[in-house]
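The values are calculated or read from the model by the stated rules, or taken from the named source; none is laboratory data. Bear in mind the structure is a predicted one, so any value in this text is a computation, not a measurement. For neighbour counting, all protein chains shown are included, and Cβ atoms are generated from backbone atoms with ideal geometry for every residue, glycine included.
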Amino acid sequence: MYYVKLLKDKSSYTQLYNKMLSAIPPSVSLSKTTFGLTGDIGYFIVLSIIEDYDTNTLACLNYIKSVLTELEKTDFASVSNKSDYINGLLPLINTLVRYYRRGIEKERVLRLVLSLGDTLYNDVSERDNSNFGYSFGHGLSGVIFTLKNIYKVTRLKKYKELILQLVPREKIKIHSLKWCSGEFGTLVNHPQSVPEGIVASLDNDTFCHGSMAIINFYIDYMKEMDTSMELESLLCSVVMNKSKEGEYRIVQTSNFPDFSLYTGVTGIAYTFLRYIALNQNDKKIVIPSLLEI
C-alpha cells in the first residue's frame, strides 16, 4: 500500500496506508526461536523497507525500539536453523542492516548486527558443504548474500574470508529456478543468463516457487544484462495464462486462499507494481526487489 499511494497519489490510499500502520502494536513479545520470514518480525521487516511512516512516525519508531529491546535480550545461539533464509536468522540480519543504513537507532542496530554476525559466522564455519543446499531460501546462496551485507557494514576481514571460502561451493549449474529450494540463488550472487527451457517449465506463479522470482531478477538486471525482452515475454506468459485459466498458478484452495507475499497473490501484485513503477519515470519511484528483503 505504501508504494501504491506513491504511484497513484490519491488521498484514499494515503488514508488506508495510515490506517494499516496504526494497527501495528505499540510493543511486541518475540517467540525467541523464530526470526525468519515465518516468524514474528513481519512488521519489523516491513518498516525497514518503507521510508515514510506519515502520521504514524512516532508509533512506528517506538515499535522498532520495542523489537530492538527484545532482540537485545535474545540468545541467538539457541535459535535453530540459524543459516536459513525462510526459518532462520538471515532476514533479521538483512533487516537490521537496512535500519543501520537509514540511521535508525544506529548504535543499537550495529551491536545486534555484530552479535548476529558472530552467530552466523560460527554456525557456517562449523558446517561442511554436505550440510548446505544450494538455494536462496534454504541454502548457501542466501548465506553468502547475507554475509556480503554484514561485511559491507562491519568491514571485518573474517566475513570477507568466509565469503571467499563459500563462493566456490555454490552450484552454478542450474536445474531448478525455485527461490526457496532450487539453484535460483546462484543467479542473485552470480548474475547470468536464465536457461530458457527451465523458465518455460515453471508451473507456478509465486515468488517462492515460480515465475515471480525470475521476473524480479529480470527487473533488477534489466540495464546491466539487457533482460527487457525476457521480462516482457515472461510477464505476458503469466498474464495470458491467468486470462486462460481464470486464476494464477498458486497452491491454494477456495477454503484456504493464499494472500501471502512469497507463496501467494500479494507477491504477484507486488512484482507487477515494480514493473508499473519502471514505466513511470517522472515519479522516479524505486520499489525494492523481493530478492533483497
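For segment 197-205, the condition of being modelled with pLDDT of 90 or more and part of a loop (DSSP other than H, G, I, E, B) holds for at least one residue. For Ser237, the conditions (1) in contact (Cβ under 8 Å) with a residue 24 or more places away in the chain; (2) of a type in the set (Ser, Thr, Tyr); (3) loosely packed, with under 13 Cβ neighbours inside 10 Å are fulfilled apart from (3). Among the residues of segment 215-274, those identified as under 25 Å from Gly39 (Cα atoms), at pLDDT 85 or above and of a type in the set (Ser, Thr, Tyr) are Tyr262, Thr263, Thr266, Tyr270, Thr271. Against the list (1) in a helix (DSSP H, G or I); (2) touching a helix residue (DSSP H, G or I) at 6+ places or on another chain (Cβ under 8 Å); (3) modelled with pLDDT of 90 or more, the condition Thr69 fails is (2). Here Phe35, Phe44 are screened, and the one residue that is in a helix (DSSP H, G or I), under 27 Å from Lys106 (Cβ atoms), free of Cβ contacts under 8 Å to residues at least 60 places away in the same chain and not hydroxyl-bearing (Ser, Thr, Tyr) is Phe44. Taking segment 248-276, which residues are in a helix (DSSP H, G or I) and either touching a Gly at 6+ places or on another chain (Cβ under 7 Å) or within 17 Å of Leu291 (Cα to Cα) (or both)? Scanning segment 248-276 gives Val265, Thr266, Gly267, Ile268, Ala269, Tyr270, Thr271, Phe272, Leu273, Arg274, Tyr275. Counting only residues that are under 20 Å from the mean Cα position of the chain (by Cα) and among the charged types (D, E, K, R), which one in segment 13-59 is surrounded by the fewest Cβ atoms within 10 Å (Cβ to Cβ)? Looking at residues that are under 20 Å from the mean Cα position of the chain (by Cα) and among the charged types (D, E, K, R), I get Glu51. Within segment 142-187, can you find the residues that are in a helix (DSSP H, G or I), polar (S, T, N, Q) and not assigned by TED's automatic domain parsing to the domain that holds Asn94? Result: Thr186, single match. Picking from residues in segment 161-196 that are farther than 22 Å from Tyr275 by Cα and among the basic types (Lys, Arg), the one that is modelled with the highest pLDDT is Arg169.
If you go through segment 103-124 and keep only what is under 15 Å from Phe35 (Cβ atoms) and modelled with pLDDT of 95 or more, you end up with Val109, Leu112, Val113, Ser115, Leu116, Gly117, Thr119, Leu120.
Considering segment 72-82, and only residues there that are modelled with pLDDT under 95 and assigned to a helix (DSSP H, G or I), the residue that is surrounded by the most Cβ atoms within 10 Å (Cβ to Cβ) turns out to be Phe76.
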